[in-house]
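Worksheet: the structure to be examined is printed underneath.
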Amino acid sequence: MDLHPLAERFAAVAGEYERGRPEYPPEAIQELAAEFDLAPGAPVLDLAAGTGKLSRALLAGGMDVVAVEPQASLREILSTSIGSERTLEGTAEAIPLADASVRAVTVADAFHWFDAQRALAEITRVLKPGGGLAVLAAIPDWREASWAHELGTLLQSMRPEHPYFDGPPWREAVRAAGGWSEPREIQVSTEQSTDPERLVDYLASMSWVAALSDAERSQMLGRVKDLIESGHTPSRMPVHLMIGMSTLL
């Protein structure tokens, strides 16, 4: 299955994604383990794993992780970070795993790219009875920075139609599919160290920024860097991790 045109752009910014995106704290993995009753060594699928930010946290939390990622440049970093034996090429709509082979499926900042009903059918297929789905979104909180409002206005003015912001929430897809518990959501907050280069990498890793022409992207990121460097940036800023969870009935 073809990827969404914007999702395809992550292939060109794999390095920026790895450098700029937040890490997942141990507390998030503990919440998943408690919610889905995951014992150490439980088999977990990290779907659309990107460069392996969440995969690494799951491994550190004692899970037996297999990660599926469709794009080669992301998968190369993923394989280096968690091992080629744990890394598979595939999509949410065609998961290369056997039926009833994992206890949980995690999706970090990616569910909005899926064909939701096809993906949920595949997730249901690979989950063991009573297995769980976790949909995570990492949201940096930049409000303490002096440039936050101006940057937000700039991003809002330039962003095209985007399935994360403009599409239906994942909860609606789960309810429509049937066979799942009522989705619930919790928040885990952590902090991330900041510097202008890392913040610019974060913005460069956004799909729609990566989709700009070279000239447009360079101009925008240069403007952002100037804005950040000319204002106040705390050495650490919060990251709010929203974790949505549902269990297969």
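The values are calculated or read from the model by the stated rules, or taken from the named source; none is laboratory data. No experiment lies behind these values; they were computed from the predicted model shown. Neighbour counts run over all protein chains shown; Cβ positions are idealised from the backbone, glycine included.
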In region 156-199, the residues that are surrounded by 14 or more Cβ atoms within 10 Å (Cβ to Cβ), among the β-branched types (Val, Ile, Thr) and closer than 19 Å to residue 238 by Cβ: 188, 190, 194
Tally, over region 101-118, of residues that are surrounded by 13 or more Cβ atoms within 10 Å (Cβ to Cβ) and assigned to a helix (DSSP H, G or I): 5
Residue count, region 1-15 (criterion: buried (at least 20 other Cβ atoms within 10 Å of the Cβ) and over 11 Å from residue 210 (Cα atoms)): 0
The one condition in (1) farther than 26 Å from residue 25 by Cα; (2) more than 19 Å from the chain's Cα centre (by Cα); (3) basic (Lys, Arg) that residue 159 fails to fulfil: (2)
Positions within region 58-95 being among the β-branched types (Val, Ile, Thr), part of a helix (DSSP H, G or I) and touching a Ser or Thr at 6+ places or on another chain (Cβ under 7 Å), in sequence order: 77, 82
Tabulated pairs, region 190-203, first under 17 Å from residue 53 (Cα atoms) and among the hydroxyl-bearing types (Ser, Thr, Tyr), second loosely packed, with under 15 Cβ neighbours inside 10 Å and modelled with pLDDT of 90 or more, C-beta under 6 angstrom, 6+ apart or interchain: 193/236
Qualifying residue in region 119-135 (condition: in a helix (DSSP H, G or I) and either farther than 26 Å from residue 36 by Cβ or among the small types (Gly, Ala, Ser) (or both)): yes
Residue list for region 209-230, filter: touching a residue at least 12 places away in the same chain (Cβ under 8 Å), loosely packed, with under 15 Cβ neighbours inside 10 Å and either under 22 Å from the mean Cα position of the chain (by Cα) or farther than 21 Å from residue 12 by Cα (or both): 229, 230
Set 233, 153: member being out of contact with any Cys (no Cβ under 9 Å at 6 or more places or on another chain), modelled with pLDDT under 95, β-branched (Val, Ile, Thr) and exposed (fewer than 15 other Cβ atoms within 10 Å of the Cβ): 153
Residue identified as surrounded by fewer than 21 Cβ atoms within 10 Å (Cβ to Cβ), of a type outside the set (A, V, I, L, M, F, W, C), touching a residue at least 40 places away in the same chain (Cβ under 8 Å) and over 19 Å from residue 192 (Cβ atoms) among 35, 27, 31, 18: 35
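In region 129-143, what residues are out of contact with any Asp or Glu (no Cβ under 9 Å at 6 or more places or on another chain), in contact (Cβ under 8 Å) with a residue 24 or more places away in the chain and either surrounded by 15 or more Cβ atoms within 10 Å (Cβ to Cβ) or closer than 29 Å to residue 216 by Cβ (or both)?
Looking only at region 129-143, we keep the residues that are out of contact with any Asp or Glu (no Cβ under 9 Å at 6 or more places or on another chain), and these are 129, 131, 133, 139-143.
Narrowing the set further to residues that are in contact (Cβ under 8 Å) with a residue 24 or more places away in the chain leaves 129, 131, 133, 139-142.
Result: 131, 133, 139, 140, 141, 142.
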Boolean, residue 3 is assigned to a loop (DSSP other than H, G, I, E, B) and touching a residue at least 60 places away in the same chain (Cβ under 8 Å): yes
Residue that is aliphatic (A, V, I, L, M) and in a loop (DSSP other than H, G, I, E, B), where the choices are 28, 98, 33: 98
Output for region 162-196, where each listed residue is more than 21 Å from residue 246 (Cα to Cα), within 19 Å of the chain's Cα centre (by Cα) and among the charged types (D, E, K, R): 166, 191
